[in-house]
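A quick write-up on the structure given underneath.
The values are calculated or read from the model by the stated rules, or taken from the named source; none is laboratory data. Predicted model, so just to flag it, every value in this text is computed and none were measured. Here the Cβ is made from the backbone with ideal geometry for all residues, glycine too, and neighbour counts use every protein chain on show.
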């Protein structure tokens, strides 16, 4: 039974090591490489993007922005947003179920290794949606957060929704940036502003909850 808990984590660790070794040997992976590997058929390209998101979610070291921007370059904006929406759901879900299958063995280790996770979780044990949203907006790794909240046993749809709300501004930003390639264009500036506002709003919400907790004590 213990082996069953650790097997998904072992697979993820192997993929992460393989990705790290590839990056060390190859140097780096850029948008150009992803575009060169993308199939010409749009349906196959969409499937390849979803597979890339799934692999990314198990490696930690591959940037989310890299895939989202490449998708923005391959597809027109509506299709790119649709592919990145599905890809983001895959990226959020795969590490969650990896953590869920570990049956809680990761919680203490992740809180010890990443104090920010432990701090936000400790202050919001009864508000996991807010804790997940704040940590996601704070740009902590999707992969690590999925492992943590999955291992914690947080309800899947609650985690999926909170994570997607948190990642949405960045997803739109990278998609538009890949489609437009002008970092000072109005759509990119609007998305950047929304991202910043989400970070500020989450921080204020978390601060307000902390004050409520102190007053309640």
Worksheet item: Out of (1) closer than 23 Å to residue 194 by Cβ; (2) more than 16 Å from the chain's Cα centre (by Cα), the odd one out for residue 162 is which?
Response: (2)
Worksheet entry | residue 70 more than 15 Å from the chain's Cα centre (by Cα) and either without any contact (Cβ under 8 Å) to a residue 60 or more places away in the chain or within 19 Å of residue 168 (Cα to Cα) (or both) | yes
Worksheet item: Can you tell me which residues in segment 9-67 are more than 25 Å from residue 106 (Cβ to Cβ), part of a helix (DSSP H, G or I) and at pLDDT below 85?
Response: 24, 25, 26, 31, 32, 33, 34, 35, 36, 37
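Does residue 171 count as in contact with a helix residue (DSSP H, G or I) (Cβ under 9 Å, 6 or more places away or on another chain), crowded, with 17+ Cβ neighbours inside 10 Å and at pLDDT 80 or above?
yes
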Discussion item. Please determine whether any residue of segment 96-111 is under 11 Å from the mean Cα position of the chain (by Cα), crowded, with 16+ Cβ neighbours inside 10 Å and more than 15 Å from residue 166 (Cα to Cα).
Written reply: yes
Discussion item. Restricting to segment 70-87, count the residues that are closer than 10 Å to residue 53 by Cβ and crowded, with 23+ Cβ neighbours inside 10 Å.
Written reply: 4
Worksheet, complete the sentence: Only unsatisfied item for residue 98, checking (1) assigned to a helix (DSSP H, G or I); (2) modelled with pLDDT of 70 or more; (3) under 22 Å from residue 171 (Cα atoms), is (3)
Worksheet item: All but one of (1) over 22 Å from residue 83 (Cα atoms); (2) buried (at least 17 other Cβ atoms within 10 Å of the Cβ); (3) modelled with pLDDT of 70 or more hold for residue 198; which doesn't?
Response: (3)
Worksheet item: Among (1) surrounded by fewer than 16 Cβ atoms within 10 Å (Cβ to Cβ); (2) in a helix (DSSP H, G or I), where does residue 125 come up short?
Response: (2)
Practice prompt. For segment 149-168, enumerate the residues that are surrounded by fewer than 24 Cβ atoms within 10 Å (Cβ to Cβ) and closer than 20 Å to residue 106 by Cβ.
Written response: 152, 153, 154, 155, 156, 158, 160
Discussion item. Pairs needed: first member in segment 101-115, at positive phi; second member anywhere, in a helix (DSSP H, G or I) and modelled with pLDDT of 75 or more; C-beta distance under 9 Å; at least 6 residues apart or different chains.
Written reply: 103/151; 104/151; 104/152
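If the requirement is being modelled with pLDDT of 65 or more, buried (at least 16 other Cβ atoms within 10 Å of the Cβ) and over 21 Å from residue 97 (Cβ atoms), which of these qualifies: 178, 146?
So the residue among 178, 146 that is modelled with pLDDT of 65 or more, buried (at least 16 other Cβ atoms within 10 Å of the Cβ) and over 21 Å from residue 97 (Cβ atoms) is 178.
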